[in-house]
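Structure record follows, encoded as structure tokens.
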Amino acid sequence: MDFGLSEEQEMLQRSARDFLARECPSTFVRALYTEPDGFSRELHRKMAEQGWTGLLVPEAHGGLGLSMLDMALLLEEMGRAVVPGPFIFSSVLVTLALMHGGSSAQKKTWLPRLASGEAIGTFAFLEDTDRIDAAGMTLKAKKTRDGYLVSGTKLFVPFAAVADVLLTAVRTSGRGEEGISLLLIDRATPGLSIKSLDIFDQTRRVYEVEFSNVVVTKSALLGTEGEGWKIMARLLDAAAVALAADSLGGAQKSLEMAVDYTKVRTQFNRPIASFQALKHLAADMASDIEPARALVWYAAHAFDALPRDASRAASLAKARLSEVYSRTTNRAVQMHGGIGFTWEHDMHFWFKRAKWNEFAFGDVAFHRERIAQLEGF
Amino acid sequence: MDLTYSKEDETFRKEVRAWLKKNLPKKDKAISDLMPHDPERVKRSKDWQHKLFDAGYVAMNWPKEYGGQDADVMRQTIVNEELTLARAPGLVGASGLTMLGPTLIQCGTEEQKRRYLPKVLTADEIWCQGYSEPGSGSDLASLTTRAELVGDEFVVNGQKVWTSNAQFSDWMFCLVRTDPDAPKHRGISYILIDMRTPGITVRPLVQMTGDAGFNEVFFDNARVPRANLVGELHQGWMVANATLFHERNMLGSTTRTQLMMQNLIRLARSHQRYGKPAAEDPLMRQKLSDLLTRVEAMKYHSYRQLTDVMHGRSPGIGAMVNKLVGTELNHDICALALEIMNSYAPLKKGAVRVIDNGTWAYEFMFTLGLVIGGGTSQIQKNIISERGLGMPKSG
């Protein structure tokens, strides 16, 4: 029984924290807020040099071949630094999809390029119904002689503007879990157009992607036709774990910022950190965060090693961290007082990220109901 | 990260489980059906602890020379988990085992260790804790029970309160004021008081549950030998903090909370609420999942601390939140049970139509007592913010 981190894992976290303090300070996040794509290819390249974009990619395909737990520890640090960009979608979701469902040709084509940071992937699955269950996947892919003809719309696709390839959930037949297929669609394919959806959290850009008679070859099919849901279910678990880890880091950072601020801000001739009203808020935040950390570790470990409990564990982590991150940032803003409400102060980066993370890939109520079902209540 | 137990630990767990199956008190000898102050209950409880000790399942992590086994914390954790899963009675000598024992091992003289520790283990002597006073609760260091050193004896006058088990305890480890002129933390001493000393009166206090689990203890010129002082004179606050530390950092076995959660889910499945099982009501499902999530978080949080302790690392702020989070979680589980039971919720043990023999309403009250006792939630928050987050003291 060892519910702890290895030396290598602790080192990974430390070096990630140092790297991000240097390469992605809040001034950098602020600068990207007003960039058209909200993305720095330069930072992405540097993260690739650290091996992060290929962290999950098997060594045979140019990656480090590490585990989801390692990735969760890295994502915790990226959440701390509220790193803007498509990292989770490209280096976790699309990467895992290829690892689990890709043909050897697809793996050979994409994994080394994703690992090196040369290519970027994203995941297009939501539609205007905002459903993340199988029944929500209705984008039609009509079978043709050489492949598919795709027509319709995907919504809230992260960083579609900078992605080279869109992992797209389509319906090739039937309804429900059967008949869902996954296609790797080149963003430059004729008939595919994207429209930016203006969003409060400028570190997580989202797009509407319009497919109008997009011709896709057979070689773009990931896995077996009509059986895409199996891969997708695994990706949704991965996304839940990834966002929970990001939220954990962000919540911890928000707590630290708030506590640091109350130690230097004086009112009534004393540091406001000496007021119990604020101390107890801070204690509540720490009491939320500490046990939640164990849930993130467990969910990542279950994803790696305990397949029978992986989905339940992912939902436990996502449900809890969604709630904890939002609550923590709300309290952190309040502990800053008026300054925390301004654009000029950094606090709003985390406040907005918390809300994005809360609703993406299933909100609190969604995951609680899923827990209830998996537990057989 | 590896959540499997070693072969040796698995084998050990099986041994414990088999032993418990054979040796757990039978229904007719059940301890829980008796009132806390019933002498028969005390006797059965002592016998049970003695039996456990003889089997090698008590204070396993204590040093060998004082009756322990120098076992790693994993062994004791396995025993504690199995005891809870078997719904075994709690240990009547718990405060001696978890508070006095570790303090004596750390601060006591060799003579004190040899005199007291063996009987702590076997429950031949039961200990109670004499800390709180009517005027000193959260501000424990303001305590005023006076112990005046006269010759070779302390003469003790004053009153303690909320003293669990005092009615049948043999000894009390007690904080007394030995220097009334010194700053409050520096005039306190930690002494051991024989409860049969003339001048001591114990009066039961009835809790909101109707039980008399704790007491008031009055001292009227009670004379205590100077040899019963633990640590230095006037240094009792530091000695006591060693025990407080043990209390707060006791690896809160979350097994009991997990059992309560399982029982809650069972209740939600079986009890009809507004025409259908509570577990089919979407709102109740949300609430159940929320509680289950928090229970699971505390389970893995305790695994993490267990790992830290085994590697000799301090769990730090992680351990400081245990008491606050754990006690409130237990109370919230009971509160949801009451919500599910609705009109049936207030029925008492033995009542016609009572559900689960009234356990939920009883525990709902009892667990609120635990939110307050041993440092209120508000005091816990002071500790977390000051020691854990480095925020300054108030006032």
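Numbers below:
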item: Every pair of residues 6+ apart whose Cβ atoms lie under 6 Å, when the first sits in the range A:300-323 and is open to solvent by less than 30 Å² (accessible area, probe 1.4 Å) while the second is not in a helix (DSSP H, G or I); result: A:H301/B:M1
item: Verdict on A:V324 being within 22 Å of A:M71 (Cα to Cα), among the β-branched types (V, I, T) and out of contact with any Lys or Arg (no Cβ under 9 Å at 6 or more places or on another chain); result: yes
item: Test result for B:C174, within 16 Å of the chain's Cα centre (by Cα), at pLDDT 95 or above and not in a helix (DSSP H, G or I); result: no
item: Residue ranges of strands (runs of 3 or more DSSP E) in the range A:138-219 with at least 1 members within 23 Å of A:I88 (Cβ to Cβ) and either assigned by TED's automatic domain parsing to the domain that holds A:W343 or in contact with a Pro (Cβ under 8 Å, 6 or more places away or on another chain) (or both); result: A:147-158, A:206-217
item: Enumeration of residues in the range B:48-91 that are of a type in the set (D, E, K, R) and away from chain A (no Cβ under 14 Å); result: B:K51, B:D54, B:K64, B:E65, B:D70, B:E82, B:R87
item: Candidate set from the range B:282-299 (those that are of a type in the set (A, V, I, L, M, F, W, C) and free of Cβ contacts under 8 Å to residues at least 12 places away in the same chain); member that is farthest from the other protein chains (Cβ to nearest Cβ); result: B:L283
item: Residue within the range A:270-283 that is of a type in the set (K, R) and open to solvent by less than 10 Å² (accessible area, probe 1.4 Å) present; result: yes
item: Any chance A:S193 is among the small types (G, A, S), closer than 23 Å to A:L114 by Cα and open to solvent by 20 Å² or more (accessible area, probe 1.4 Å); result: yes
item: Selection status of B:S302, surrounded by 18 or more Cβ atoms within 10 Å (Cβ to Cβ), in contact (Cβ under 8 Å) with a residue 40 or more places away in the chain and either out of contact with any helix residue (DSSP H, G or I) (no Cβ under 9 Å at 6 or more places or on another chain) or of a type outside the set (V, I, T) (or both); result: yes
item: Cross-chain or 6+ apart pairs with Cβ under 7 Å, the range B:198-211 first and more than 29 Å from B:P225 (Cβ to Cβ), then of a type in the set (S, T, Y); result: B:T209/B:Y362
item: B:L329 being within 9 Å of chain A (Cβ to nearest Cβ) and within 30 Å of B:L389 (Cα to Cα); result: no
item: Yes/no for B:T103 being in contact with a Cys (Cβ under 8 Å, 6 or more places away or on another chain), open to solvent by less than 40 Å² (accessible area, probe 1.4 Å) and closer than 22 Å to B:G236 by Cα; result: no
item: Residue match in the range B:366-378 (condition: farther than 30 Å from B:S32 by Cα and either open to solvent by less than 50 Å² (accessible area, probe 1.4 Å) or within 14 Å of chain A (Cβ to nearest Cβ) (or both)); result: yes
item: Residue ID - farthest from A:L243 (Cα to Cα), chosen from residues in the range A:57-77 that are open to solvent by less than 10 Å² (accessible area, probe 1.4 Å) and of a type outside the set (D, E, K, R); result: A:V57
item: Residues that are of a type in the set (S, T, N, Q), within 14 Å of chain B (Cβ to nearest Cβ) and more than 29 Å from B:D281 (Cβ to Cβ), drawn from the range A:327-377; result: A:T328
item: Residue within the range A:197-216 that is free of Cβ contacts under 8 Å to residues at least 40 places away in the same chain, of a type outside the set (V, I, T) and open to solvent by less than 70 Å² (accessible area, probe 1.4 Å) present; result: no
item: Qualifying positions in the range A:63-104 - polar (S, T, N, Q), part of a helix (DSSP H, G or I) and under 21 Å from A:A317 (Cα atoms); result: A:S91
item: First in the range B:7-24 and β-branched (V, I, T), second anywhere and open to solvent by less than 60 Å² (accessible area, probe 1.4 Å), Cβ under 7 Å, 6 or more apart; result: B:V16/B:Y57; B:V16/B:I78; B:V16/B:V79; B:V16/B:E82
item: Count of the range B:307-328 residues which are among the hydroxyl-bearing types (S, T, Y) and either within 21 Å of B:L3 (Cβ to Cβ) or in contact with a strand residue (DSSP E or B) (Cβ under 8 Å, 6 or more places away or on another chain) (or both); result: 1
item: Some residue of the range B:307-315 being closer than 20 Å to B:R256 by Cβ, part of a helix (DSSP H, G or I), facing chain A (nearest Cβ under 8 Å) and open to solvent by less than 10 Å² (accessible area, probe 1.4 Å); result: no
item: Scan of the range B:268-289 for residues that are within 34 Å of the chain's Cα centre (by Cα), farther than 26 Å from A:K318 by Cα and open to solvent by less than 30 Å² (accessible area, probe 1.4 Å), ordered by number; result: B:H271
item: Filter result (part of a helix (DSSP H, G or I), closer than 19 Å to B:I317 by Cβ and β-branched (V, I, T)) within the range B:359-395; result: B:I379, B:I383, B:I384
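Per-residue answers, yes or no, for (1) modelled with pLDDT of 95 or more; (2) of a type in the set (D, E, K, R):
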{"position": "B:E328", "(1), (2)": "yes, yes"}
{"position": "B:C334", "(1), (2)": "yes, no"}
{"position": "B:I340", "(1), (2)": "yes, no"}
{"position": "B:S343", "(1), (2)": "yes, no"}
{"position": "B:K349", "(1), (2)": "no, yes"}
{"position": "B:N382", "(1), (2)": "yes, no"}
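The values are calculated or read from the model by the stated rules, or taken from the named source; none is laboratory data. As the structure is a prediction and not an experimental result, all values here were calculated from the model. Cβ coordinates were reconstructed from backbone atoms using ideal geometry, including for glycine residues, and neighbour counts include every protein chain displayed. Surface accessibility is based on the protein's heavy atoms, side chains included, excluding ligands, DNA and RNA. Shrake-Rupley method; radii C 1.70, N 1.55, O 1.52, S 1.80 Å.
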